[in-house]
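Take a look at the structure below.
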Amino acid sequence: MSEDKPHTSGQVDPGDTSKRVGAETLRERGLDPEELREKLIDAISAEFIGTYYYYTDLRMHLAGHEDYKEITEDARLEDRAHFELLVPRVYELGGKLPGDIRDFADRSSCPEATLPDDPSAENILEVLLEAERCAIRTWTEICDMTHGKDPRTYDMAQRVLQEEIEHEAWFIELLSMERDGEVRPAGHFIRGEPGDAPYSTNRRINDSA
Amino acid sequence: MAVDEAERWTVTIDVPEEAELVEAGERFELSVREDETILSAARADGLWLPADCQQGWCITCAARLEEGEVDMSAARRYYDSDEAAGYVLTCVAKPRSDLRLVVGQSDALLQVRADNDQPPGRSKLN
């Protein structure tokens, strides 16, 4: 039978709802689905709390810099989109969000992007830049972890990574000019709408999300 | 101080047998500048140690310091109890003497954090 239908092989009996073939196939390929989902929880905590929440505060303090506020708004909303994109994957892998948001915050894989003591535009832009850099490292790690083993998570992670790399370029451009008076173009056109998340939004999958 | 004038220290890295690294069971010796992180030096030398945030926060890169001294001032989240238990974060640790460390200690440091009611251990293990 298994020779005729190789994808019916594995450790999940017919009708068994206690296991997920979508997770067991990862294990068969050498990827621990529990380790992956826990890493995803850490990563989406960084997106939702480490950046989306704190970027809201940072954006509010960019008074007089409407251009910076617009860019920060794009990054803020796109980081929320990253959270929204990956939450379903956590549940698919048998995980769940922590019941207490304080536990969720504790787990963030990146530092919270808190308002600097001196909330100058320069200092805020540096916080934003370093937050994006942390996110790039995290999603690159997840791409490495899932490449060739888990195409679904890999696809999600690489979409997020593409936007994080764009965010870094935006804040390099803005900080370079604000702090150093130097031109280092991000090389991007504007989003279609604030926080468009052209790679990562799950709106096209689910309009209610 | 110019980079080429920076003091260098010998960093010995032991990879435990049980580590999920191809270098498990091996010992490496690196020459690391005082202004360079141990993680960066190791990766530049071809030893791909685990890491994530690279801001001294997430503890993925945790190592146990067996001998010597490091500067951990750049860490975003590092507790006195981490230091007391002998753990450092290689992504921000800069050598201040010849030193020796054992890498692949993220689970061990996570337990230390949990034992001391500190994040992220308290939220993952308690």
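The values are calculated or read from the model by the stated rules, or taken from the named source; none is laboratory data. Owing to the predicted nature of the structure, the values given are computational and were not obtained by experimental measurement. Every residue, glycine as well, gets a Cβ built from its backbone with ideal geometry; the counts of neighbours run over all protein chains shown. Calculation scope for accessible area: heavy atoms of the full protein, side chains included, ligands and nucleic acids excluded. Shrake-Rupley method; radii C 1.70, N 1.55, O 1.52, S 1.80 Å.
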Scanning region B:98-119 for residues that are under 19 Å from the mean Cα position of the chain (by Cα) and within 13 Å of residue B:78 (Cβ to Cβ), the one surrounded by the most Cβ atoms within 10 Å (Cβ to Cβ) turns out to be B:113
* Asked: What do you reckon, is residue A:175 buried (at least 19 other Cβ atoms within 10 Å of the Cβ) and touching a Leu at 6+ places or on another chain (Cβ under 7 Å)?
  -> yes
Within region A:67-123, residues being open to solvent by 40 Å² or more (accessible area, probe 1.4 Å) and within 14 Å of another protein chain (Cβ to nearest Cβ) number 9
Considering region B:80-97, residues that are surrounded by 16 or more Cβ atoms within 10 Å (Cβ to Cβ) and either more than 12 Å from the chain's Cα centre (by Cα) or of a type in the set (S, T, N, Q) (or both), and then whichever is farthest from residue B:54 (Cα to Cα), we arrive at B:85
Those residues of region B:50-82 which are more than 12 Å from every other protein chain (Cβ to nearest Cβ) and within 20 Å of residue A:138 (Cα to Cα) amount to B:62, B:63
- Query: Quick check, is residue A:137 within 30 Å of residue B:114 (Cα to Cα), free of Cβ contacts under 8 Å to residues at least 12 places away in the same chain and crowded, with 17+ Cβ neighbours inside 10 Å?
  - Reply: yes
Filtering region A:155-172 down to residues that are buried (at least 18 other Cβ atoms within 10 Å of the Cβ) and of a type outside the set (Val, Ile, Thr) yields A:156, A:157, A:159, A:161, A:163, A:164, A:166, A:167, A:168, A:170, A:171
Residue check: is residue A:136 among the hydrophobic types (A, V, I, L, M, F, W, C), at pLDDT 95 or above and closer than 30 Å to residue A:27 by Cα? yes
Those residues of region B:68-92 which are more than 19 Å from residue A:107 (Cβ to Cβ) and out of contact with any strand residue (DSSP E or B) (no Cβ under 8 Å at 6 or more places or on another chain) amount to B:73, B:80, B:83, B:84, B:85, B:92
Picked from region B:37-65 (must be farther than 26 Å from residue A:132 by Cβ and over 11 Å from the mean Cα position of the chain (by Cα)), the residue surrounded by the most Cβ atoms within 10 Å (Cβ to Cβ) is B:47
Taking region B:16-36 and keeping residues surrounded by fewer than 20 Cβ atoms within 10 Å (Cβ to Cβ) and among the aliphatic types (A, V, I, L, M) leaves B:19, B:21, B:22, B:24, B:30
